[in-house]
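Undergrad: Have a look at this one before I ask anything.
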Amino acid sequence: MCGIEFPTDSNVLVGLDRADDAGVYKVTDDIALIQTVDFFTPIVDDPYWFGQIAAANALSDVYAMGGVPKTAMNLVAFPIKEMDIAILRQIIKGGLDKMTEAGVVLIGGHSVEDKELKYGLSVTGFIHPDRILTKQNLKVGDRLVLTKPLGTGIVNTAVKGGLASADIIQRVTRLMATLNRDAAHIMGHYPVHACTDITGFGLLGHLAEMISDMPLGIRLISQEIPIIPEAVDYAGMGLVPAGAYKNREFRESMVDFALSVDRIVQDIFFDPQTSGGLLIGVEKDSAGGLVAELREKGIPEAAIIGEVVAEPKRRIEIH
Amino acid sequence: MKEIDCRGLACPAPVLQTKEAVEREHPNVIKVVVDNEASKENVSRFMKSQNLEVTIRQEGNDFHVIGTVGATPVGKAPVAETPEDAPKRIMVMVANDCMGHGDDELGEKLMLSFLKTLKEMGEDLWRLVFVNNGVKLTIRGSEVLSVIQEHDKAGIHILVCGTCLTHFNLLDQKRVGETTNMLDIVTAMQLADKVINI
């Protein structure tokens, strides 16, 4: 949004000046408001599951800030002349069930007629002003924990091409519909310095955001990074979404791959994710405990994937 | 030759059209025209997964991705293809005792870090060759000697130029690697999949 000046307000704790997962506005010394909005076109054929995924994805930004979502409004664009209204009902039901699971109340919404179906939420949540987790506060020595496996963009491309089996479609659908609520709740008990959720820029794009203004570097261990096994097969067949190539082009100059990291695996690290996991920067000595608790409480693929280093600055090395 | 125009199509459509054509018609040569980098990469990757030899030509804003069924001469057994995951043969040739030009103190640190980090190449690292000032890294008292010895233990073939050792009068001080000659070095270069000069 270059060239447009935005007003400032001292109560804005996280705003437009740095791109974070959600905006935060201080109401009192103990309460701050978190606001975010997200919507997109269908990524799975089943309308009920699309509704769940879109809602989980929109809610995730609040969790990534360390907050608790409380209320939401539906955003709907629907081709009412061409499509059966029953489809929209299924989508809304999926979204509502996800909100109920998250303890979030739907309090309104807005719909427009559009050639292309879109659904999402505007979400409001709360957080203590001193406990906001942005992308910007990593410290040298921190361990990086990822809570969901990568590869949903590639699998969705295979789904679009009719090349994915029913089994993998179901597994990835459930993965995308899984709330980041439990992961966020658990991380609240650990010394976490920074957090974001992995979405359109892929793992490496979001990591790059976390260090681009900091005197820090990142070292990742490729073998420790959880990936959906089928994504490797699909990527090898050329089912890589254009977004993954764009992400690579944009951030390649910050990334160094060891020769042992296969090109296909590299693409998975750049793969845009839908409703991806949390990427958590936690103090070194607490990382093992955090991952153990995440795994124990139903987040089996959580893993320590790397660490924050002092040198080389603003570079991501992948071994 | 089968030809498909996939310009204006977004991923994964070009791959799907290529797949359909390959599976239905089994063409010996297939040309797919695409107009963006992502499709170029994806179509060529798909062709490789089907064991086609791929060549890419740029024509204006378009890419012509051409897949050819491997030409195996009649009566000759197919050449055992190197599997994708087989180690490459990477030869690293070190011609100086510090890395880069400018500050020698920095250059020495970089060289130490470089030789340590080389193990990241894993099984692909094949030979380490030291020539000219580089041979000074292999002698008694060298800061990086232990690192090179580790590579030696890991089974990396270490070659040290004999002419160079003689020139610096260091022949008896070498503590790692095999003393070698220019013929060995040239042969190694020829056999290597990749030669990296430092």
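Undergrad: Given the pairs B:LYS116/B:LYS153; A:LYS139/A:LYS297; A:LYS93/A:LYS148; A:LYS246/B:LYS31; A:LYS160/B:LYS31, which are separated by over 18 angstrom at their Cα positions?
TA: The pairs that break the limit, which is 18 Å between Cα atoms, are A:LYS139/A:LYS297; A:LYS93/A:LYS148; A:LYS246/B:LYS31; A:LYS160/B:LYS31.
Undergrad: Against the longest principal axis of chain B, how steep is helix B:37-49, in degrees 0 to 90 to the nearest 10, with axes from Cα atoms?
TA: 90 degrees
Undergrad: Which of the cysteines found in chain B have nothing to pair with, since no other Cys Cβ lies under 4.7 Å from theirs?
TA: When partners are defined as cysteine Cβ atoms under 4.7 Å apart, chain B leaves B:CYS6, B:CYS11, B:CYS98 without one.
Undergrad: Once amide H atoms are placed 1.01 Å from N in the peptide plane, what residues at a sequence separation of 5 or more from B:ARG89, or on another chain, have their amide H within under 5 Å of its amide H?
TA: Long-range HN contacts for B:ARG89: B:ASP193, B:LYS194.
Undergrad: Between A:MET99, A:MET237, A:MET214, which gets the highest mean-square fluctuation from a Gaussian network model of chain A, Cα cutoff 10 Å?
TA: A:MET237
Undergrad: Okay, moving on. What angle do you read, to the nearest 10 degrees and between 0 and 90, between the alpha-carbon axis of helix B:182-191 and the longest principal axis of chain B?
TA: 20 degrees
Undergrad: Something else: Which of the residue pairs B:LYS48/B:LYS194; A:LYS98/A:LYS284; A:LYS81/A:LYS118; A:LYS118/B:LYS19; A:LYS115/B:LYS40; B:LYS109/B:LYS174 have a Cα-Cα distance greater than 23 Å in the structure shown?
TA: Details: B:LYS48/B:LYS194 21 Å; A:LYS98/A:LYS284 33 Å; A:LYS81/A:LYS118 15 Å; A:LYS118/B:LYS19 30 Å; A:LYS115/B:LYS40 30 Å; B:LYS109/B:LYS174 21 Å.
Pairs exceeding the cut-off: A:LYS98/A:LYS284; A:LYS118/B:LYS19; A:LYS115/B:LYS40.
Undergrad: Which of these, A:PHE50, A:PHE257, A:PHE270, has the largest mean-square fluctuation under a Gaussian network model of chain A (Cα springs below 10 Å)?
TA: Looking only at A:PHE50, A:PHE257, A:PHE270, the biggest GNM fluctuation is shown by A:PHE257.
Undergrad: Using DSSP to call loops (not H, G, I, E or B), can you name the GluC sites (Glu not before Pro) in segment A:86-164 whose Cβ has at most 12 other Cβ atoms within 10 angstrom?
TA: Taking segment A:86-164 and a limit of 12 other Cβ atoms within 10 Å, the loop GluC sites (Glu not before Pro) found are A:GLU116.
Undergrad: Here is a further query. How big is the C-alpha Rg of segment A:18-157 next to the rule-of-thumb value 2.2 N^0.38 Å, as a ratio? Can you show the working numbers first?
TA: Details: Rg = 16.7 Å, N = 140, 2.2 N^0.38 = 14.4 Å.
For segment A:18-157, the normalised Cα radius of gyration comes out at 1.16.
Undergrad: Using a 7 Å offset from Cα along Cα-Cβ at A:LYS297, what residues in segment A:163-197 end up with backbone N under 11 Å from the label point?
TA: In segment A:163-197, the label zone of A:LYS297 (backbone N under 11 Å from the point 7 Å along Cα→Cβ) covers A:181-190.
Undergrad: Excluding residues fewer than 8 places away in the same chain, name every one of the aspartates and glutamates whose C-alpha is closer than 20 Å to that of B:LYS2.
TA: B:GLU20, B:GLU23, B:GLU25, B:ASP35, B:GLU41, B:GLU53, B:GLU59, B:ASP62
Undergrad: What percent do you get for the relative contact order of segment B:125-173 when only Cα pairs under 8 Å and 6+ apart count?
TA: Numbers: 44 pairs, mean separation 24.2, N = 49.
Over segment B:125-173, the number comes to 49 percent.
Undergrad: List the residues, sorted by chain then number, that are 5 or more residues from A:GLN273 or on another chain and whose placed amide H is less than 5 Å from its amide H.
TA: Under 5 Å from the amide H of A:GLN273 lie the amide H atoms of A:THR199, A:GLY200, A:PHE201, A:GLY202, each far enough along the sequence or on another chain.
Undergrad: Here is a further query. Cα to Cα, under 17 Å, and not fewer than 8 places away if on the same chain: which aspartates and glutamates meet these conditions relative to A:LYS313?
TA: A:ASP142, A:GLU209, A:ASP213, A:GLU252, A:ASP256
Undergrad: Defining a contact as two alpha carbons under 8 Å apart and six or more residues distant in sequence, what relative contact order in percent does segment A:1-72 show? Please report the intermediate quantities before stating the final value.
TA: Details: 65 pairs, mean separation 16.1, N = 72.
Relative contact order, segment A:1-72: 22 percent.
Undergrad: Any chance you could list P(r) for segment B:105-190, counting all Cα-Cα pairs in 5 angstrom bins from zero, rounded to whole %?
TA: Going out from 0 Å in 5 Å bins, segment B:105-190 shows 3, 15, 26, 25, 21, 10, 2 percent.
Undergrad: Using Cα-Cα distances under 8 Å and only pairs 6 or more residues apart, what relative contact order does chain B have, in percent?
TA: 17 percent
Undergrad: So how far, in whole Å, is the C-alpha centre of segment A:205-219 from the one of segment A:240-319?
TA: Answer, in whole Å: 11.
Undergrad: Then there's this: Under 11 Å from the Cβ of B:ARG45, count the other residues' Cβ atoms, weight Lys and Arg +1, Asp and Glu -1, and hand me the total.
TA: +1
Undergrad: Pick out which of B:VAL129, B:VAL65, B:VAL176 has the largest mean-square fluctuation in a Gaussian network model of chain B, springs linking Cα atoms closer than 10 Å.
TA: Between B:VAL129, B:VAL65, B:VAL176, it is B:VAL65 that shows the largest mean-square fluctuation.
Undergrad: Segment B:131-190: which GluC sites (Glu not before Pro) are DSSP loop and have at most 14 other beta-carbon atoms within 10 angstrom?
TA: Passing sites in segment B:131-190 are B:GLU143.
Undergrad: Quick one: divide the alpha-carbon radius of gyration of chain A by 2.2 N^0.38 Å and tell me what you get.
TA: The reported ratio for this selection is 0.97.
Undergrad: Write out the trypsin sites (Lys or Arg not before Pro) in segment A:65-148 meeting two conditions: DSSP loop, and at most 13 other Cβ atoms within 10 Å of their Cβ.
TA: Working: sites: A:LYS70, A:LYS81, A:ARG89, A:LYS93, A:LYS98, A:LYS115, A:LYS118, A:ARG131, A:LYS135, A:LYS139, A:ARG143; in loops: A:LYS81, A:LYS115, A:LYS135, A:LYS139.
Qualifying residues, ordered by number: A:LYS81, A:LYS115.
All of the numbers you see were taken from the coordinates with simple rules; none came from a lab. Quantities reported herein were computed from a predicted structural model and do not represent experimental measurements. Every residue, glycine among them, receives a Cβ derived from its backbone with ideal geometry; neighbour counts consider all protein chains shown.
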